[in-house]
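Novice: For reference, the structure I am asking about is given below.
No value in this document is a laboratory result; all are computed from the given coordinates. None of the values given here were measured: they were computed from a predicted structure.
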Amino acid sequence: MSAIARGNLIARGSESSTVTLAHGGGGRLTQQLIEERFLPRFRNATLDALLDSALISAHGRLAFTTDGFVVRPIFFPGGDIGRLAVCGVVNDLASVGAEPLWLAASFILEEGLPFDQLDRVLDSMAATAREAGIVLVAGDTKVVERGAGDHIYIVTSAIGEPRLDPPPQPRLIRPGDAVLVSGFLGDHGIAVLQAREHFFDELPVVSDCAPLWPLVRGLAEAGVIPHALRDPTRGGLATVIAELSSACGLAFSLDEDTIPVRGPVQAACEILGLDPLYLANEGKLVVVLPEASAEQALETLRSCPLGRDACRIGVVLEDTSGLALLRSRIGGTRILESLSGEQLPRIC
């Protein structure tokens with residue numbers, strides 16, 4: 001477990017001729033898979049930006065994204081695969097400052113799935129779409145033989161309209177920028193783990209799964225223009241910061257004492273040897289913005305229920321090393337790298 005705690009799992013299968021679970025972890029092997037196999041075949045200027053949502057022009061500016069959801073189990077404290085399938089794409093749109101407008105969904109159902117479970121997922125998905133202000137306008141359903149799936153998989157795509165100008169992206173990050181996070185980290189990862197393995201059924205941990213557009217809309221309405229926004233899902237905060245620092249070519253410095261992690265989540269991590277900075281989140285926003293706007297942004301985030309625990313966690317340095325650095329509670333500094341391997345597969 002100590003390797004997991006460092007967030008540096010041995011990337012078993014990295015030299016393999018087959019896809020491994022680690023390729024779906026959102027870290028180094030996922031990036032390798034994209035760069036070596038997908039980008040060479042589909043390369044274009046829009047795709048090469050590698051943003052959470054593609055920014056396209058068609059009768060005005062639009063943002064477009066797609067995502068697949070294979071979480072196990074399909075129900076967990078605080079959410080389910082239906083809520084995830086909406087929040088995942090809505091939050092990708094929010095990460096480029098786009099208001100969610102239209103949603104499409106494809107459902108792959110396994111033979112034998114009870115209708116009451118399907119209805120529960122669909123009801124949750126519909127309620128989340130209303131909460132997020134997005135409308136389902138297209139869909140598809142397929143059924144596979146018993147044993148050929150795992151209850152239900154959902155693929156969603158979404159279109160939104162950018163409301164921030166310029167749209168936030170790593171190339172806009174500058175030295176001196178403040179780094180904020182909208183609340184406690186790691187809740188989703190531990191909630192799914194306890195639903196799957198029943199290690200910590202007594203712990204009061206629920207997923208943070210929620211649509212983030214209200215937070216971004218609040219920033220836009222307050223006149224705050226972030227340089228970058230990200231939702232730290234697979235790979236967690238550490239992977240997001242490592243990717244941002246690499247993309248902009250500037251070092252980030254985070255202060256461990258300021259990073260919010262709930263007591264039950266920290267306790268579970270200590271028992272299992274997990275690092276909460278690498279745990280998945282499904283309702284948190286990382287904001288990088290000019291220092292001059294930081295206090296206004298914090299006030300705006302905290303005025304929304306989703307962001308009431310928002311705090312400042314770091315700063316962008318003049319250093320052009322592109323490293324992500326963490327100042328520990330005991331006074332040392334360690335480098336945060338993108339997750340290598342997979343802490344918890346099938347997390348979203």
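Novice: In percent, what relative contact order does the chain have, based on Cα pairs under 8 Å that are 6 or more apart in sequence?
Specialist: Once divided by the residue count of the chain, the mean separation gives 26 percent.
Novice: Another question, then. Based on Cα coordinates alone, diagonalise the gyration tensor for region 170-335, multiply each eigenvalue by 5, take square roots, and list the semi-axes in whole Å, largest first.
Specialist: Values: eigenvalues 135, 77, 31 Å².
Its equivalent ellipsoid spans semi-axes of 26, 20, 13 Å.
Novice: Which helices count as membrane-span-like in the chain under these terms: full DSSP H, at least 27 Å along the axis by C-alpha, Kyte-Doolittle mean of 0.5 or more?
Specialist: Helices meeting the span and hydropathy rule in the chain: none at all.
Novice: Taking the Cα atoms of the chain, what is the range of coordinates along each of the three principal axes, in descending order and whole Å?
Specialist: 57, 52, 43
Novice: Once you have a ≥ b ≥ c as the square roots of the Cα gyration tensor eigenvalues for region 107-172, tell me rounded if a/c is under 1.5, and otherwise prolate or oblate according to whether a/b is larger than b/c.
Specialist: prolate
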